[in-house]
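The values are calculated or read from the model by the stated rules, or taken from the named source; none is laboratory data. Note that the coordinates shown come from a computational prediction; the quantities given were computed from them, not determined experimentally. Virtual Cβ from ideal backbone geometry, glycine too; neighbours counted across all protein chains shown. Just so you know, the surface numbers come from the protein's heavy atoms only, side chains and all, with ligands and any DNA or RNA stripped out. Shrake-Rupley method; radii C 1.70, N 1.55, O 1.52, S 1.80 Å.
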Amino acid sequence: MATYTLPELPYDYAALEPVINPQIVELHHDKHHAAYVKGANDTLEQLEEARDKEAWGAINGLQKNLAFHLSGHILHSIYWHNMTGDGGGEPLAADGVGDLAGAIAESFGSYAGFKSQLTKAAATTQGSGWGVLAYEPVSGRLIVEQVYDHQGNVGQGSVPILVFDAWEHAFYLQYKNQKVDFIEAMWRVVNWQDVARRYAAAKERADVLLLTP
């Protein structure tokens with residue numbers, strides 16, 4: 001059975017300063033993300049044991065645990081690559097991300113409108129969660145989604161290409177309870193090259209869904 005592993009960071013702990021300090025990056029990756037990886041693997045083992053014993057009493061809880069930990073692993077794996085110390089600004093054709101910039105304008109009316117919507121979605125997610133820019137393959141457009149904990153207001157089949165972590169462990173040591181300040185600062189480290197690659201890849205494999213004619 002396949003198991004999940006913690007990916008290495010694509011930069012050192014201090015690479016995202018001053019937006020995110022090294023202590024947060026280290027704890028967030030080495031402790032929190034690692035816990036989701038372990039949780040997903042442990043739950044897979046528990047599900048295997050339940051199948052072997054035909055002990056289905058805990059199946060509902062195990063399925064929820066798997067979704068929680070696996071989504072946490074996937075979202076964090078995207079999150080680390082979505083950021084760079086040389087990032088930020090607006091995606092522009094001059095920077096080689098014209099297709100992404102055009103899709104944002106078409107889907108949201110303007111980059112400013114998109115930025116405001118994703119900021120508000122991340123900052124107002126109830127409790128812990130994420131703000132997500134996703135490619136929605138049925139319409140072929142970009143949408144903003146809110147993820148509560150690691151599950152929530154998402155369209156089935158949508159592909160996350162930019163994620164903002166709004167859990168307290170992502171910012172509290174540096175920003176205290178000012179989640180909005182953290183979300184605003186995040187725009188200074190967005191890696192638009194990575195987001196553009198994810199957008200292109202999502203479009204290419206959109207036809208894997210079985211869509212109703």
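When Ser110 is tested against the conditions (1) polar (S, T, N, Q); (2) surrounded by 13 or more Cβ atoms within 10 Å (Cβ to Cβ); (3) farther than 27 Å from His150 by Cβ, the lone failure is (2). Which residue pairs have Cβ atoms closer than 7 Å, lie 6 or more positions apart in sequence or on different chains, and pair a first residue in segment 125-143 that is in contact (Cβ under 8 Å) with a residue 60 or more places away in the chain with a second residue that is of a type in the set (D, E, K, R) and open to solvent by 20 Å² or more (accessible area, probe 1.4 Å)? Cβ pairs passing all conditions: Tyr135/Lys203.
The one condition from (1) open to solvent by 40 Å² or more (accessible area, probe 1.4 Å); (2) closer than 21 Å to His32 by Cβ that Phe182 does not meet is (1). Of the residues that sit in segment 118-168 and are under 25 Å from Asn21 (Cβ atoms) and surrounded by fewer than 15 Cβ atoms within 10 Å (Cβ to Cβ), which one is modelled with the lowest pLDDT? By that ranking, first place goes to Gly127.
Check whether at least one residue in segment 87-101 is under 15 Å from the mean Cα position of the chain (by Cα) and surrounded by 12 or more Cβ atoms within 10 Å (Cβ to Cβ), and report yes or no. Please lay out each step first, then the result.
Narrowing segment 87-101 to residues under 15 Å from the mean Cα position of the chain (by Cα): none.
Checking segment 87-101: not a single residue is under 15 Å from the mean Cα position of the chain (by Cα) and surrounded by 12 or more Cβ atoms within 10 Å (Cβ to Cβ).
At pLDDT 95 or above and either farther than 21 Å from Ala166 by Cβ or open to solvent by 70 Å² or more (accessible area, probe 1.4 Å) (or both), is that true of Lys53?
Values: at pLDDT 95 or above: no; either farther than 21 Å from Ala166 by Cβ or open to solvent by 70 Å² or more (accessible area, probe 1.4 Å) (or both): yes.
The answer is no for Lys53.
Suppose we keep only residues that are among the polar types (S, T, N, Q) and open to solvent by less than 50 Å² (accessible area, probe 1.4 Å) within segment 5-50. Which one would you say is nearest to Gln178 (Cα to Cα)? Talk me through it step by step, then tell me what you get.
Taking segment 5-50 first, the residues among the polar types (S, T, N, Q) are 5, 21, 23, 41, 43, 46.
Right, trim to open to solvent by less than 50 Å² (accessible area, probe 1.4 Å) and you get 21, 41, 43.
Working: Asn21: 15, Asn41: 34, Thr43: 34 Å.
Filtering segment 5-50 for residues that are among the polar types (S, T, N, Q) and open to solvent by less than 50 Å² (accessible area, probe 1.4 Å), the one nearest to Gln178 (Cα to Cα) comes out as Asn21.
Would you mind stating whether His76 is open to solvent by 40 Å² or more (accessible area, probe 1.4 Å), under 20 Å from Glu168 (Cβ atoms), under 16 Å from the mean Cα position of the chain (by Cα) and not aliphatic (A, V, I, L, M)? Can you show your working first?
Numbers: open to solvent by 40 Å² or more (accessible area, probe 1.4 Å): no; under 20 Å from Glu168 (Cβ atoms): yes; under 16 Å from the mean Cα position of the chain (by Cα): yes; not aliphatic (A, V, I, L, M): yes.
In short, no.
For segment 139-195, which residues satisfy the criterion of being touching a strand residue (DSSP E or B) at 6+ places or on another chain (Cβ under 9 Å), small (Gly, Ala, Ser) and in a loop (DSSP other than H, G, I, E, B)? Of everything in segment 139-195, those that are touching a strand residue (DSSP E or B) at 6+ places or on another chain (Cβ under 9 Å), small (Gly, Ala, Ser) and in a loop (DSSP other than H, G, I, E, B) turn out to be Gly155, Gly157, Ser158, Ala166.
Each row is one residue, and each column tells you yes or no for (1) touching an Asp or Glu at 6+ places or on another chain (Cβ under 9 Å); (2) in contact (Cβ under 8 Å) with a residue 60 or more places away in the chain.
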position: Leu70; (1), (2): no, yes
position: Met83; (1), (2): yes, yes
position: Gly87; (1), (2): yes, yes
position: Asp95; (1), (2): no, yes
position: Glu106; (1), (2): no, no
position: Leu118; (1), (2): no, no
position: Ala122; (1), (2): yes, yes
